[in-house]
1. Whenever you get a sec, compute what percent of the accessible area on segment 89-158 sits on carbon and sulfur atoms (1.4 Å probe).
2. Over 23 Å between Cα atoms, which of Lys172/Lys223; Lys243/Lys321; Lys172/Lys497; Lys245/Lys302 qualify?
3. Would you give the gap between the C-alpha center of segment 305-321 and the C-alpha center of segment 464-486, rounded to a whole Å?
4. If you average the alpha carbon positions of segment 185-249 and of segment 156-180, how far apart do those two centres end up, in angstrom?
5. Taking a point 7 angstrom from the Cα of Leu180 along the C-beta vector, which residues in segment 194-233 have backbone N less than 17 Å away?
6. Taking a threshold of 28 Å on the Cα-Cα distance, which of the pairs Lys53/Lys78; Lys53/Lys163; Lys355/Lys418 fall above it?
7. As an exercise, use a Förster radius of 30 Å and the Cβ-Cβ distance of Arg280 and His233 to find the FRET efficiency, rounded to the nearest 0.05.
8. For Ala148 and Asn289, FRET efficiency with R0 = 60 Å and r from the beta-carbon atoms, rounded to 0.05?
Amino acid sequence: MASPAVVSAPRSAASSSKTETFVDNKRKDDIRMANIAAAQAVANAVRTSLGPKGMDKMISTANGEVIITNDGATILNKMEVLQPAAKFLVELSKSQDVVAGDGTTTVVVIAGALLKQCLSLLSAGIHPTVVSDSLHKASTKAVEVLTAMALPVELTDRDSLVKSASTALNSKVVSQYSTLLAPLAVDSVLSVVDPEKPEIVDLRDIKIVKKLGGTVDDTELVKGLVFDKKVSHASGGLTRVEKAKIGVIQFQISPPKTDIEQSIVVSDYTQMDRILKEERNYILGMIKNIKATGCNVLLIQKSILRDAVTELSLHYLSKAKIMVIKDVERDEIEFITKTLNCLPIANIDHFRAEKLGHADLVEEISLGDGGKIVKITGIQDMGRTTSVLVRGSNQLVLDEAERSLHDALCVVRCLVNKRFLIAGGGAPEIELSRQLGAWAKVLQGMEGYCVRSFAEALEVIPYTLAENAGLNPIAIVTELRNRHAQGEINTGINVRKGQITNILEENVVQPLLVSTSAITLATECVRMILKIDDIVTVR
């Protein structure tokens, strides 16, 4: 690549102070083009996975793991992208996932189309700053148009929420299970909405537990807790407890150990018996304290340094008729205590009856070949949480079902946050393209050209939807523009029927937040790439 060069030539000795300067801008142009080309390559990689008829990607990682998905965020997250500007699109997809949860492929496809238009504008000699500012104005106007198109929705209108969740699921690998997963996602989110903060939903209050075996049809919503493990069965421990008093402990029910590394030498059997007797008495003392509070179910946090519970402890606990679920992960403790409305206990001296949780039933359930799980149901004063048990015939389906369910949960969360719906199927993008195209004619100078290019770029969504469904994209987009020009603003592509219909009547709807965030985030990313005119490598 050519490096910047400055050549100065004096006209004459008399006018030596006045010089002609030539600046070589080729390097700046080359870097801008390279960045745009790299980002477009990433957008083209995920473009074929857009929509209900989009293709899936098989991702093979370096450690031999195989993932089959068409979720944009997952595909880009697993791709090894080296070019700095291309990494922007990976981060863009992650941002969309955080803000809306759905539309992760859409946002990257829009960014790729905008960059393609920017390439034409730059080639025509328009300055990057002018293009950048115009794109910002166009995206602000686009959000206004989308908001005007949107239909308000109430949380009591469960049908509308289910339709929106179904639309998000229809483009996934597990789309055939959308009739089961969509209502389940809606019920999950509505059950954790706090009346005092009705616009905030924390998805950490919804615990998704994956269990291999069965099919996705066996997925269920559990009003309580589910553990993907079995009860500790030492010496015939209990597997079912009614009217349970549950203690969540973070200490070890095992003999104490010294704080420093040292060895104890035992010279005869009487000393060994004495040590074993002391250990038994120590454990028995702890279990008597636990039993005295009325506790009959123990959830024991996994210990890093040593075993949280020994075989001897489990033997005495089963004799005391106390059910034990051990190796509970540290990061699950907060969710468990919030659900049970109890306190975690860090020391045996702090074990009190008032710190226990209460439930009608704790039982171990066999899932046939799928192993066993533990369910806690009928929890008294239960916190605003819920659990979802996801089933799948193999690990690939199970992981994709979890990702799809997460997207559906995010869509419902979007509707709780911003209670507006818009049509799907490429309808809002075509309407935006039409209205922004009309607005561009009013603008003066270079802005009009840039806004018109922005409007043309948005047509990539209906074009790609038609292309991925095996339809004639040019004919479909032309017909769509015609129908929208006649005032049919909710007309979109029905990929199942292979024709253009009123997409609202087909129940293909999505949250307003998904579309507005996709356009604003994509524009922001493109503006950043446009403004880069050099890459400085620091070693």
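The values are calculated or read from the model by the stated rules, or taken from the named source; none is laboratory data. Note that this is a predicted model, so its numbers are computed, not measured. For neighbour counting, all protein chains shown are included, and Cβ atoms are generated from backbone atoms with ideal geometry for every residue, glycine included. Note: areas computed on protein heavy atoms with side chains; ligands, DNA, RNA excluded. Shrake-Rupley method; radii C 1.70, N 1.55, O 1.52, S 1.80 Å.
1. Solvent-exposed carbon and sulfur of segment 89-158 make up 57 percent of the total.
2. Numbers: Lys172/Lys223 26 Å; Lys243/Lys321 13 Å; Lys172/Lys497 18 Å; Lys245/Lys302 20 Å.
Listed pairs above 23 Å: Lys172/Lys223.
3. First find each Cα centre; the distance between them is then 67 Å.
4. 22 Å
5. Residues 208-223 qualify, since their backbone N sits under 17 Å from the label point.
6. The pairs that break the limit, which is 28 Å between Cα atoms, are Lys355/Lys418.
7. My answer for the efficiency is 0.90.
8. Working: r = 66 Å, r/R0 = 1.10.
That gives a FRET efficiency of 0.35.
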